[in-house]
Amino acid sequence: QQQVKQSPQSLIVQKGGISIINCAYENTAFDYFPWYQQFPGKGPALLIAIRPDVSEKKEGRFTISFNKSAKQFSLHIMDSQPGDSATYFCAASLAGNMLTFGGGTRLMVKP
Amino acid sequence: EPEVTQTPSHQVTQMGQEVILRCVPISNHLYFYWYRQILGQKVEFLVSFYNNEISEKSEIFDDQFSVERPDGSNFTLKIRSTKLEDSAMYFCASSPDRGYGYTFGSGTRLTVV
């Protein structure tokens, strides 16, 4: 009930391309869906987050698409750059309680 | 930009020993957390702390674990008798609001031998 499933586990994209990472959740009561970016040797850093009352949120090159009926949300990185190469985690929480993380996606953007 | 600081960055300890992992949260944050990440696996919640008490904890956070905010700036995680399976990266985080706007530290890699 608390699981968040993330795919793909790894992704290779050419510079300038679009990176798409998907997550699915089970608990329909989740009300907060953040995405985190993690570089080697660093902690996760909040990238962008969405609540279920909107279907899309955009911040610069990063967009979250949210499909409440399908219990899915995705991260789109437009014009992907080599500096975007990192591990990305989706997460979900309910009423400010603990974050439940997806398994992570290792993104490599080739120059 | 304010940071969450964790020390040490890497700790090696013998099985059965006690370890204390230290964190300095962002000064105006009120909520504090510990998460861990076993190598190659997902980040897992351990415990949240607010107003000098535990507000939520996971099944992982058993009697071997404890947290403390000893002096108003530090936030510590103690593991009383370490096991091999405690080897992981431990992340401290803080937030101004409950459950939102987390800032994570860079982590302490704990290796139990």
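Taking a label point 7 Å from the Cα of residue B:28 along the Cα→Cβ vector, which residues of region B:1-21 have an amide N closer than 20 Å to it?
Answer for this model: B:1-5.
What whole-number volume per residue, in cubic angstrom, does the convex hull of the C-alpha atoms of region A:4-110 give? List each step's numbers first, then the result.
Numbers: hull volume 9.7 nm³, N = 107.
Spread over its residues, the Cα hull of region A:4-110 gives 90 Å³ apiece.
Between chains A and B, what is the buried accessible area in Å², counting both sides, with a 1.4 Å probe and ligands, DNA and RNA left out, to the nearest 100?
Details: alone 6080 and 6590 Å², together 11060 Å².
Counting protein atoms only, the buried area is about 1600 Å².
Would you list, by chain and number, the lysines whose Cα falls below 21 Å from the Cα of residue A:68, excluding same-chain residues fewer than 8 positions away?
Reachable lysines: A:5, A:57, A:58.
On the Cα set of chain B, report Rg and Dmax in Å, please.
13.0, 38
How far is the Cα center of region B:1-25 from the Cα center of region B:92-108, in Å?
A separation of 15 Å, based on Cα centres.
Once the Cβ-Cβ distance between residue A:26 and residue A:87 is put in as r, and R0 is 22 Å, what FRET efficiency do you end up with, to the nearest 0.05?
0.45
Rolling a 1.4 angstrom probe over the protein heavy atoms, how many square angstrom per residue are accessible across the protein assembly as shown?
For the protein assembly as shown, the per-residue accessible area is 49 Å².
Using packing as a proxy for protection, rank B:63-72, A:77-86 so that the peptide with the highest average count of other Cβ atoms within 10 Å comes first.
Working: B:63-72: 12.9, A:77-86: 16.1.
In descending order of packing, they fall as A:77-86, B:63-72.
Please state, rounded to one decimal and in Å, the Kirkwood hydrodynamic radius that the protein assembly as shown gives when every pair of distinct Cα atoms enters the mean of 1/r. Walk me through the numbers on the way to the answer.
On the way: mean 1/r = 0.0555 Å⁻¹.
Computed over Cα pairs of the protein assembly as shown, the Kirkwood hydrodynamic radius comes out at 18.0 Å.
The values are calculated or read from the model by the stated rules, or taken from the named source; none is laboratory data. Please read these numbers as outputs of a predicted model, since none were measured by experiment. Neighbour counts are summed over all protein chains in view; Cβ atoms, including those assigned to glycine, are modelled from backbone coordinates with ideal geometry. Calculation scope for accessible area: heavy atoms of the full protein, side chains included, ligands and nucleic acids excluded. Shrake-Rupley method; radii C 1.70, N 1.55, O 1.52, S 1.80 Å.
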